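Below you'll find the structure, written out as structure tokens, and then a few comments.
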Amino acid sequence: MRSVTTLPQLLCIGAGPGNLGLAALARSLTPGQIDIGIIERRHDLTWHQDQILPGTTLQNSWYRDLVMSADPTSHFTFANFLHRQGRFQRFLSSGITAPSRAEISQYFQWVGAELGVVETGTQCTSLRYDAASDRFEVGLKTGPLATTRTASHISVGTGTTINLFRDRNFAETDSIVYADALARSRRCRTAGRILVVGGGQSGAESFLHAITAAWDGDTPREVVWITRDSCFRGLDTGHFARDFFAAGFPQQFFNLSWAERQRLNAENVTAGRGISPGTLSRICETLYNGQLSSGPQVQTRLRPFTEMLELELRNDQPVATLRRGTEAAPEVEAFDLVILCLGHRQGAGAFAQDMLDLDDMALNPDYSVACETVPPGRVFLQSDATGSHGLSDTNFVAAPHRNAIILNSLLDHPHFDTQQDDLFAEFSPAVPPAPARGAACLSKFG
Ligand SMILES: Cc1cc2nc3c(=O)[nH]c(=O)nc-3n(C[C@H](O)[C@H](O)[C@H](O)COP(=O)(O)OP(=O)(O)OC[C@H]3O[C@@H](n4cnc5c(N)ncnc54)[C@H](O)[C@@H]3O)c2cc1C
């Protein structure tokens, strides 16, 4: 138990929705109870800026914001953001349920500005625990200036890393683009034959972008969309899938056996990953209406079971080797533009593991790192606990519950109600909540 005179000092690395939500939720505490600072390497707080294509929307409803489900009275709700911008009533009248990604990015920037604790343009370069002072030492770099800061606790919210095709970043070419850079790609406006690789939400958005007027009037000749999966999968937005995003779900998930957790995540992957219903509708309507139109036609081919084996540039033109299933002979095809939408991999756990030089690592119920050599100060992970806390953890909609648990743990008392009986289903038998820390509650992360 910490001394009551010690103020926990929490330094957050990364100003994505995870840590912004943490600082926002903490504002309802008595001033000074938890002193929080946030370090962000970028110079602004835009959210997935280069993946904001025209018409892209949130995959969830507007009320699943950074704080509402943990503290509906918070200043930092999306509703209050709209109110402060003078457009709350018009938003309601519009009937929009899933706001545009551009507007959510504005909301996150507003939260950051209102908090006033984010230091932008500063990268965390090292993290180590100093046993003598019982504090973490964080190495920082702002331009050429290197500094060190100390903190009692750390929250790592460094986000995901895009999956590369065979470790190649293709940064040198405009005719092979990763989805996270598509919005700023110049090539999009002139492409004739386009290949979209990947059947998830980013693949669907890129395909839709390619077959609609987003190309400044230049109609591509043909757009081919491939996935190695057996189909283009939709997101499960059914009523029971919402249980996975309830405040009480992480605790129930934590009480399952390791095998049960893996099974639940594997069998319900589409509750957290898949093409949102709005995007699917727009794709199908565009394809159908295209058949009726007498204007210039974009030829489209949707090819499940198809894997890209190789991708190379020949005289500046992308040439892809594609194979249908495992039996067919590979086909070599030339394109004008290849858009790679290969998903993301989690990063917070790897960041903490590398920085603290940990061998084996797991998470406690309060999202703090647990391992044999872990120091008494806590390192919490944002958005990287699907293995231990369930499949919703990678989405920012899980942030309010996670952050309520983290803050309760730092305060050593349940300021936020995180034990709500708010699920329809009972995934695990009702057992007393596991203690926040300790060897008994070790659990794999990620
Ligand atoms: C295109 C796209 C759409 C999505 N749509 C949804 C959606 O509709 N609903 C939903 O719930 N989830 C959605 N997600 C998932 C969502 O983005 C993540 O859940 C969320 O952004 C994770 O938040 P985070 O704060 O953990 O990380 P991030 O948002 O990735 O933020 C990490 C931050 O850390 C900074 N950083 C990294 N390393 C350092 C360092 N060494 N020093 C300082 N700063 C550093 C980065 O610059 C970045 O700003 C989407 C993801 C993508 C890619």
Nearest-20 debye value, the chain charge dipole, Cβ charges on Lys, Arg, Asp, Glu: 700
Gain upon complete extension [R168, D422; 0.36 nm per residue less C-alpha separation]: 87.0 nm
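Hey, with R₀ at 22 Å, roughly what FRET efficiency would Y63 and R84 work out to, going by the Cβ-Cβ distance, to 0.05?
Computed FRET efficiency for Y63 and R84: 0.85.
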Percent carbon-and-sulfur accessible area, the chain, ignoring ligands, DNA and RNA, probe 1.4 Å: 50
Charge dipole magnitude, Cβ of K and R +1, D and E -1 - segment 278-371, Cα centre, debye nearest 20: 620
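Could you give the size of the charge dipole of segment 257-313 about its Cα centre, using +1 on the Cβ of each K and R and -1 on the Cβ of each D and E, expressed in debye and rounded to the nearest 20?
Result for segment 257-313 is approximately 200 debye, rounded to the nearest 20.
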Segment A132-Q33, extension gain: residue separation times 0.36 nm, minus the distance between their alpha carbons: 33.2 nm
Interchain or long-range residues, amide H under 5 Å from T300's placed H: V223
Span from the segment 226-289 Cα centroid across to the segment 326-363 one, whole angstrom: 20
Amide proton proximity set for T150, modelled H, under 5 Å, gap of 5+: V138
Cα lying deepest toward the dipole's positive end in the chain, options L337, L164, Q251, charges on Cβ: L337
Contour excess over end-to-end distance, with Cα ends at E307 and Q49 and 0.36 nm allotted per residue: 90.0 nm
Kirkwood hydrodynamic radius of the chain, from inverse mean 1/r over distinct Cα pairs, in Å: 23.5
Cα Rg, Dmax (largest Cα-Cα span) when computed across segment 1-159, Å: 17.5, 59
Per residue, in Å², the accessible surface of segment 43-197 once ligands and nucleic acids are set aside, probe 1.4 Å: 48
Positive-end residue, the chain charge dipole about Cα centroid, Cβ charges, pick of M355, S61, N403: S61
Solvent accessible area, Å² - S230, 1.4 Å probe, full protein context: 60
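The values are calculated or read from the model by the stated rules, or taken from the named source; none is laboratory data. As the structure is a prediction and not an experimental result, all values here were calculated from the model. Cβ: placed from backbone, ideal geometry, glycine included. Neighbour counts: every protein chain shown. The accessibility values were calculated without ligands, DNA or RNA, using every heavy atom of the protein model including side chains. Shrake-Rupley method; radii C 1.70, N 1.55, O 1.52, S 1.80 Å.
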